[in-house]
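A short write-up of the structure that comes next.
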Amino acid sequence: MSAVLKNAATAPDLSRLLNPRGVAIIGASTDLTRIGGQPIRLLTEYGYKGRVYPVNPKYQEVKGLTCYPDIAAVPKPCDIALIAVSGALVPGAIEQCGKAGIPFAVILSAGFSEAGDAGKALNDQLLAAIKSSGVRVVGPNCLGVMNLDADFRLGFGGTLQLKTLKPGPIAMVTQSGGFGFGVVAVACYHGLGFNHVISTGNEVDLTALDWMEHLIERPDVEILTAFLEGTTEGKRLRRLGARALELGKPILIWKVGNSEVGSKAATSHTARLTAGYELFRTAFREGGFIEVQDVDDLVDYCKAFRGKKLPRGNRVGVMTLSGGAGVLLADRCTARGLTLPKLSDATREKLRGIVVAYASIENPIDTTAQGYNDNFASYTKTMREVLADPNIDSIVARSPRGTVTQAWAEGLVDMLKGVDKPLLLNWPTSPDDNREAMMYLERNGVPCILAPGRTVDAMAALTEFAQKRSTYEAARTRGGKRVIAPQKLDLPASGTLGEHASKTLLKAYGIAVTEEQLLAPEAIEKLTAAPLPFPLAVKIESADIPHKTEAGVIRLHINSVDALKQAAREVLAAARQYKPDARIAGVLVQQMAGGEEVILGAVNDPHFGPVIAFGLGGVFTEIMQDVTHRYAPFDADTAKAMIHDIKGVKLLQGYRGKAPCNIDALADAISRLSLLVADHADRIAEIDINPLFVNASGVVAADALVVLKD
């Protein structure tokens, strides 16, 4: 296990919970349709080889098994107690499990933190029982756990009783038991196997992250899936994402509850751009997570990753037997960031010797329906040559159909032996048409996906994960080299810093700021010459007025000493009117800056850590929401990738005769800000640089705001 996970104090060994030697059913029922009866039927009729111990003082026997009057009477070894009694009895049951030496409990009972004040009080009792007993708990209010490889089904509900469930190298952790288990049922219907399925319920003790950390390390898990409503363990989630990249195991994450904008009160503009889901999405982007939005995504992506081949890049060869399908697939590839490069001359020459004269050997490649004349052997030969092309990283292809499909499938599988580039087949008909051929292909590592767009989405998922792994390894190779050593900062105890004081911190980390002077109002009245070359900006310097535009305390394009004095009077009057009790540190006189306007900032989230936000400034920030995020700290290469994430990057690259902006200088400034906030995460809550001007010569911060932790 990695040092990352060894250092996580909350990551217990859950192996025995998934493969217990014995299970006690507390609240066992003789009615096998009830919640206390279903687990007994599942454990005795579905192949579980361990011991089953019903516990209920009402009965001597349940389903031919000795029924014990209490937990103390249960024979050893017993590794798990499944608890299916009323909520009020659960804390006592946990205490008895601790005395009996039972290390784990799965609580099906509801009525805890989800049930108002009374439920919260009961939840507190349960927490106390867990603490005193040392028992590790799944739930309460969960559906249970499954290890299909060991025929172990512990819980209740329709999915657990399905005979169609089968083991396989996929695991599911779900915070919604009923929905998540239903997703597993659908996936199994489509041929996917799950070794482990966990419903976490209210997570009074063991959390989704506990389970995910455990499962990602298991050799019988190749793909981890998760249905996540939320977590406060953001930093741990990020560590898990890094571990997934180290292991090469994708985490297909389905995060719900994203539509409501976070209500966090924020002083800076940046903080308003990092609320809620954006923090999760940033963690998903940097780690080995692939987001899914629906059941079809999860099924298709699992199929694609089960092929165990990752592309080296995003260059796709599209192959069809129909021109229209090729155009459709090409459109979808382009929309998903996949490119269709021209085939090499050598490949094109070989294809001319394989396909009919009127076939298209451009990309997309249309071999036409002539494949019916040779049982599609020419189609397979064409695939072989395209896969060998150095310009191609992967293939998305339409499958043939008809009576010869099985023979063609066998030839394709044989051709693909030793090929390390992925090929995804878009199945062109209903899944029960040539089903045997489809199943044969998938058993042999050739994923078959039903819709053209879904096939492209699955290839995009493979490509995204492969690119993440490459980026992660490159960053590890670079070793996190810093452009500046940690700097000692003179920070007050708490509060919001004014612009001039905030810029002083930026300068300490080598971020360019406007030339400026902080002057007392009376000093400005005595001026006979400008302190800096015109044109100038005049602003109030006050930690109590963070939003200067809103307060009307800025004057721009000042071109004379008289105008400078008048501007100073106006901003002082506006400040007193806006906030009479505001502390005024003086009047800030600064040189005007120019270039493309961007916003750059940082928020130190208590759950996820410091995150950097970058995007176009001005109206683009509010209207277009063209903002991207990364967790700090990071280097300039990561900052460049961040810059290219935004849709408006073309504005920075030069347009309509404008000179391109200095992207290297911008990336350097972003990286330096990430170091600043990471080095002083214990003191800094928010940083806002708005605007930061970027031009051909470099960058300059025209305004800044730093908020310290209380």
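The values are calculated or read from the model by the stated rules, or taken from the named source; none is laboratory data. The shown structure was predicted, so the numbers you read here are calculated from the model rather than taken from an experiment. Counting neighbours? That spans all protein chains shown, and the Cβs are built from the backbone with ideal geometry, glycine included. What goes into the accessible areas is simple: the full protein's heavy atoms, side chains included, and nothing from ligands, DNA or RNA. Shrake-Rupley method; radii C 1.70, N 1.55, O 1.52, S 1.80 Å.
Of the trypsin sites (Lys or Arg not before Pro) in the stretch 481-565, the ones in a loop by DSSP (not H, G, I, E or B) with at most 11 other beta carbons within 10 Å are K481, K488, K526.
Once the C-beta distance of K120 and K650 is scaled by a Förster radius of 60 Å, the resulting FRET efficiency is 0.70 to the nearest 0.05. Here K308 is the anchor, and the aspartates and glutamates within straight C-alpha reach of less than 15 Å, apart from those fewer than 8 places off in the same chain, are D220, E222, D300, D393, D420, E442, E464. Computed on the Cα atoms alone, the convex hull of the stretch 326-440 gives a volume of 109 cubic angstrom per residue. Projecting the Cα atoms of H557, M459, L329 onto the charge dipole of the chain, computed from C-beta unit charges around the Cα centre, puts M459 farthest toward the positive end. Computed extension gain for D331 through Y46, at 0.36 nm per residue and net of the alpha carbon distance, reaches 97.9 nm.
Pop the C-beta distance of S430 and A696 into the FRET formula with R0 = 45 Å and round what comes out to the nearest 0.05. Once rounded, the FRET efficiency stands at 0.20.
Sparse packing (at most 14 other Cβ atoms within 10 Å of the Cβ) combined with a DSSP loop state is found for none of the GluC sites (Glu not before Pro) in the stretch 558-646. Taking all protein chains as present, what is the carbon and sulfur share of the accessible area of the stretch 113-161, in % to the nearest whole number, probe 1.4 Å? Exposed carbon and sulfur together represent 48 percent of the surface. Expressed as a whole percent, the accessible surface of the stretch 498-546 that belongs to carbon and sulfur atoms is 57, based on a 1.4 Å probe. Beta bridges per DSSP, both residues in the chain: antiparallel share near 55 percent.
Accessible area per residue (1.4 Å probe, heavy atoms of protein chains only) ranks E246, E95, E515 as E515, E95, E246, with the largest value leading. Above 26 Å lies some portion of the pair distances; for the stretch 25-159, what is it as a whole percent of all C-alpha pairs? I get 17 percent for the Cα pairs in the stretch 25-159 exceeding 26 Å. Which FRET efficiency value, to the nearest 0.05, do you get for R478 and D220 by plugging their Cβ-Cβ distance into 1/(1 + (r/R0)^6) with R0 = 41 Å? The formula returns an efficiency of 0.75 here. Straight-line reach from K350: taking Cα to Cα under 17 Å and skipping same-chain neighbours fewer than 8 places apart, the aspartates and glutamates in range are E362, D366, E385, D389.
Near the amide H of K255, within less than 5 Å, lie the amide hydrogens of L228, V292, all on another chain or at least 5 residues away, with H placed in the peptide plane. The loop-placed trypsin sites (Lys or Arg not before Pro) in the stretch 126-168, going by DSSP, that have at most 16 neighbouring Cβ atoms within 10 Å of their Cβ come out as K163. The dipole here belongs to the chain: it is taken about the Cα centre, uses +1 on the Cβ of Lys and Arg and -1 on the Cβ of Asp and Glu, and is about 1160 debye. When DSSP beta bridges are restricted to pairs lying wholly in the stretch 90-242, around 40% turn out antiparallel. If you average the alpha carbon positions of the stretch 400-463 and of the stretch 471-537, how far apart do those two centres end up, in angstrom? For the stretch 400-463 versus the stretch 471-537, the Cα centre distance is 58 Å. Counting only Cβ charges, +1 for Lys and Arg and -1 for Asp and Glu, the dipole size of the stretch 466-562 around its Cα centre is about 1000 debye. Cα-based radius of gyration for the chain, normalised by 2.2 N^0.38 Å, reads 1.17. Output the pairs from K49/K163; K235/K539; K488/K565; K503/K548; K120/K709 with a Cα-Cα distance over 27 Å in this structure; if there are none, say none. The answer is K235/K539; K488/K565; K120/K709. Computed over protein heavy atoms with a 1.4 Å probe, the accessible surface of the chain works out to 41 Å² per residue.
Label sites at L32 and Q566, each approximated as a point 7 angstrom past Cα along Cα to Cβ, lie 9.4 nm apart. Our analysis of the stretch 541-693 gives Rg over Rh at 1.02, with the two radii drawn from alpha carbon positions and Rh computed by the Kirkwood formula.
Counting 0.36 nm for each residue step from A582 to H547 and taking away their Cα separation leaves a gain of 11.3 nm. Here the stretch 522-620 is treated as an ellipsoid with the same Cα gyration tensor; its semi-axes, largest first and in whole Å, are 29, 18, 11.
Each of A475, A520, V538 was placed along the dipole of the stretch 469-540 (beta-carbon charges, centred on the mean Cα), and the one lying farthest toward the positive end is A475. Here the translational diffusion coefficient of the stretch 609-710 follows from Stokes-Einstein with Rh set to the Kirkwood radius across Cα pairs; for 10 °C and 1.306 mPa s it amounts to 113 µm²/s.
On full extension, the segment bounded by M439 and E525 gains 22.4 nm, given 0.36 nm per residue less the C-alpha separation. For the set S697, S542, the ranking by accessible area, highest first and with no ligand, DNA or RNA atoms included, is S697, S542 under a 1.4 Å probe.
Placing +1 on the Cβ of each Lys and Arg and -1 on the Cβ of each Asp and Glu in the chain, which of N604, G594, Q125 has its Cα farthest towards the positive end of the resulting dipole? About the Cα centre, the residue reaching furthest to the positive side is Q125.
What the phi angles of the stretch 508-519 give under the Karplus curve with 6.51, -1.76 and 1.60, with θ = phi - 60°, is a coupling list of 4, 9, x, 8, 5, 10, 5, 5, 7, 9, 9, 10 Hz, glycine and proline written as x.
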